[in-house]
Amino acid sequence: MAIIENSKLTVVGAGSVGSSVAYAALIRESARHVALYDIAAEKVEAEVLDLAHGTQFTGSSDIIGGSDLSVVEGSHVVVITAGAKQKPGQTRMELADVNAGIIRAMMPQLLEAAPNAIFVIVTNPCDVLTVIAQEATGLPPERIFSSGTVLDTSRLRWQLAQRAGVSTGSVHASIVGEHGDTEFPLWSHASIGTVPILDWSTPQHPPFTLDELGSIAVDVRDAAYKVIQGKGATNYAIGLSSARIVEAILRDEHAVMPVSTVLRDFHGIDGVALSVPSIVSAAGAVPVRNTPFSDAELTLLRRSADALDAAVEELR
């Protein structure tokens, strides 16, 4: 049951990702009310109608939407998916310029419509856009963050579970850093059940090797490119992972998730948004400051920070 009574989620952007977020939120009953907002009136109205036709089967949730900003009013959480989508062969960073302009123009309007909301950026490159959005609104970092590597972490756990012959929920491993090409797994703390990842084996599943783990990390990093090449967009998994983040906020779960906030003196990193384990609750997202990193992992985290800092500076 949601800690916020009569909770409202608004999804901004009625493209494949935004519509999938709304759909996932409805079927998971992530919020009491779900709204979909997009400036493309005919498109958003059609998506809302299609979703509304299935609300007999979605429990207590309902769906509204349209192209008027009033749709956003009263939101407790606003998930932003609006922007140009990633094309086959295109990196997330190559989207930065056009989507930064959209975020700068849109965020003050959204904040005025929903002044008390928590804002979750899904539009790519989400880490860069989180910094842009935070600067455009002046909101404290805990109230405006991105979905970060929550989906990448799910991809990693699925791959490890398939290889180890266990359920995905039994795998404890996280991707951190940039949601993009410099992301990396925290192998130093990865386990299956209570067994460290390199010690896991069964008669049917021999131990992992370091080379194998490295190959899995590359597959996870490049997973979106493979999906986009085949079907033009990633939408179902990001819809589900975004709905899960919304639930952690609206239910005040204090769940630890690798979302991306603008960091303040986190292991010496300042002013860039990176995914690190963070406590997600009704107050937003707060990084777990005493998260341990190996020396090699800390080097990789700083590499991510440097890459993102350079990308943000280019947009200023």
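The values are calculated or read from the model by the stated rules, or taken from the named source; none is laboratory data. Just so it is clear, the structure is predicted and the values come from calculations on it, not from any experiment. Cβ sites come from the backbone with ideal geometry, for glycine too, and all protein chains shown count toward neighbours. Heads up: the accessible areas ignore ligands, DNA and RNA and are worked out on the full protein's heavy atoms, side chains in. Shrake-Rupley method; radii C 1.70, N 1.55, O 1.52, S 1.80 Å.
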Open item on the list: Looking at the chain as a GNM with Cα springs under 10 Å, which of D127, D199, D219 has the largest mean-square fluctuation?
Closed with: D199
Task: Gaussian network model of the chain, Cα within-10 Å springs - most flexible of Q134, Q56, Q159 - done: Q56
Task: Under-5 Å amide H pairs with A273, H placed in peptide plane, nonlocal only - done: V131, L263
TODO: Take the alpha carbon gyration tensor of segment 18-177, find the square roots of its eigenvalues, order them as a ≥ b ≥ c, and report rounded if a/c is under 1.5; if not, report prolate when a/b exceeds b/c, else oblate.
DONE: oblate
TODO: Could you check how much of the accessible area of segment 173-316 is carbon and sulfur, as a whole percent, using a 1.4 Å probe?
DONE: 56
Open item on the list: Please report the accessible area of V288 (heavy atoms, 1.4 Å probe, ligands and nucleic acids excluded) in Å², nearest 10.
Closed with: 40
TODO: Relative to the longest principal axis of the C-alpha atoms of the chain, give the angle of the C-alpha long axis of helix 295-315, reported between 0 and 90° and rounded to the nearest 10°.
DONE: 30
TODO: Hey, can you find the accessible area per residue of the chain for me, probe 1.4 Å, expressed in square angstrom?
DONE: 43
Task: ³J(HN,Hα), Karplus 6.51/-1.76/1.60, whole Hz, each residue of segment 175-190, x for Gly, Pro - done: 9, 9, x, 5, 7, x, 6, 9, 5, 7, x, 8, 5, 5, 10, 6
TODO: Pop out the ³J(HN,Hα) list for segment 47-62 in order, Karplus 6.51 cos²θ - 1.76 cosθ + 1.60 with θ = phi - 60°, rounded to Hz; leave Gly and Pro as x.
DONE: 5, 4, 4, 4, 5, 4, 5, x, 5, 4, 9, 10, x, 8, 6, 9
Open item on the list: Can you give me the solvent accessible area of K87 with a 1.4 Å probe, rounded to the nearest 10 Å²?
Closed with: 130
Task: Nonlocal amide H pairs with V79, under 5 Å, H built at 1.01 Å - done: T10, V11, V12, V120
Open item on the list: Restricting to DSSP H runs of at least four residues, report the calculated mean residue ellipticity at 222 nm for the chain, -39500 (n - 2.57) per run over all residues, nearest 500 deg cm²/dmol.
Closed with: -13000 deg cm²/dmol
Task: Selection of GluC sites (Glu not before Pro), segment 1-69, meeting DSSP coil and at most 11 other Cβ within 10 Å - done: E5
TODO: May I ask you to evaluate 6.51 cos²θ - 1.76 cosθ + 1.60, the Karplus curve with θ = phi - 60°, for each residue of segment 129-141 and list the ³J(HN,Hα) values in order in whole Hz, giving x for glycine and proline?
DONE: 5, 5, 5, 4, 5, 5, 5, 6, 10, x, 5, x, x
Open item on the list: Going by amide H atoms built from the backbone, whose H comes under 5 Å of the H on G148, apart from near neighbours?
Closed with: S260
